[in-house]
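Asks: Structure below; questions to follow.
The values are calculated or read from the model by the stated rules, or taken from the named source; none is laboratory data. Fair warning: this is a prediction, and the values are worked out from it, not measured in the lab. Here the Cβ is made from the backbone with ideal geometry for all residues, glycine too, and neighbour counts use every protein chain on show.
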Amino acid sequence: QPAITFVDFAYLPFFFGEGASIPNEEAGHFGGHTFVTYGIDEEKDEAYVSDRFAKPFTMSYEQLKAARGSKFAPFPAKNKLVELSFPKKVKDIKTILPQAIKANVDFMENPPITNMGLKGFGKWRKMLPTWGSDFKGDNLIGGLISTFIYMETGGSGGALFRPVYKLFLEEAGELLNNDGLLKAAELFGDATDKIRELEEAILPDALPNIAKFREIFLKSNKIQESGDIDYQKQLDAMDDEVLEAMKGASKEADKWKEHIPQIDKGIQ
């Protein structure tokens with residue numbers, strides 16, 4: 001039976017260029033990544049998985065077990081999975097929708113840890129003023145890149161969730177004949193646009209070498225999602241572009257802190 005499987009990103013060979021070390025310590029661990037495992041052949045040591053790429057992947061069963069069993073933070077995978085069961089009789093969707101929306105609102109307002117939800121934005125805003133002194137040179141650049149990836153391209157496509165949820169609210173509002181939900185969808189769309197502006201402020205155009213990373217990682221994301229036969233070779237070429245951009249970006253790191261007020265305003 002297919003299952004949504006929690007895995008440590010660093011153990012997934014199809015996310016990296018050819019010959020990358022697995023686990024990829026340079027890329028970093030993240031046990032909150034998920035994909036669908038839809039088949040396992042223990043005799044062949046094969047697991048069949050579907051991620052956000054245009055095609056499914058085959059990885060070794062041993063690799064899957066290592067990715068699932070990882071205890072590395074953040075959000076250790078620890079063999080978690082979600083199995084789907086389909087009841088013979090489904091509740092009326094008009095009853096389910098308000099419950100689902102309320103559950104999401106409750107999570108955003110009362111997350112299990114302060115790094116998530118609305119509290120996460122507040123925590124980030126409090127920490128932001130000292131980023132320029134807490135992180136220097138390449139460490140700062142690496143943090144900015146990670147922030148952009150988490151917000152725009154990471155996992156299932158960070159930015160994908162927001163427009164999809166906006167459309168969900170629109171459809172729910174129409175189905176329930178609820179003007180409040182339709183207004184919420186409109187506001188959510190506005191927030192999505194502002195988050196996109198915030199991403200641009202994190203890697204600002206005024207610092208061209210730092211801004212270059214937006215182009216690089218958007219392109220890299222498209223390469224991954226296409227799943228072309230030679231996509232891993234293309235990713236290797238993108239790694240070379242990252243190294244080249246880092247040379248100039250390191251020289252711009254000190255100037256980046258001048259952009260903190262604009263980012264703070266965007267979070268607010």
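Asks: So, Lys91, is that one under 20 Å from the mean Cα position of the chain (by Cα) and not hydrophobic (A, V, I, L, M, F, W, C) or not?
Replies: In short, no.
Asks: Within the range 107-116, can one find any residue that is in a loop (DSSP other than H, G, I, E, B), among the polar types (S, T, N, Q), more than 30 Å from Leu218 (Cα to Cα) and assigned by TED's automatic domain parsing to the domain that holds Gly248?
Replies: For the range 107-116, residues in a loop (DSSP other than H, G, I, E, B), among the polar types (S, T, N, Q), more than 30 Å from Leu218 (Cα to Cα) and assigned by TED's automatic domain parsing to the domain that holds Gly248: present.
Asks: Which one is surrounded by the fewest Cβ atoms within 10 Å (Cβ to Cβ), of the residues in the range 13-35 that are outside any loop (DSSP other than H, G, I, E, B) and in contact with a Phe, Trp or Tyr (Cβ under 7 Å, 6 or more places away or on another chain)?
Replies: Phe14
Asks: Shifting gears a bit: Given (1) within 23 Å of Gly142 (Cα to Cα); (2) surrounded by 17 or more Cβ atoms within 10 Å (Cβ to Cβ); (3) of a type in the set (Asp, Glu); (4) modelled with pLDDT of 95 or more, identify the lone condition not met by Asp205.
Replies: So the condition that Asp205 fails would be (2).
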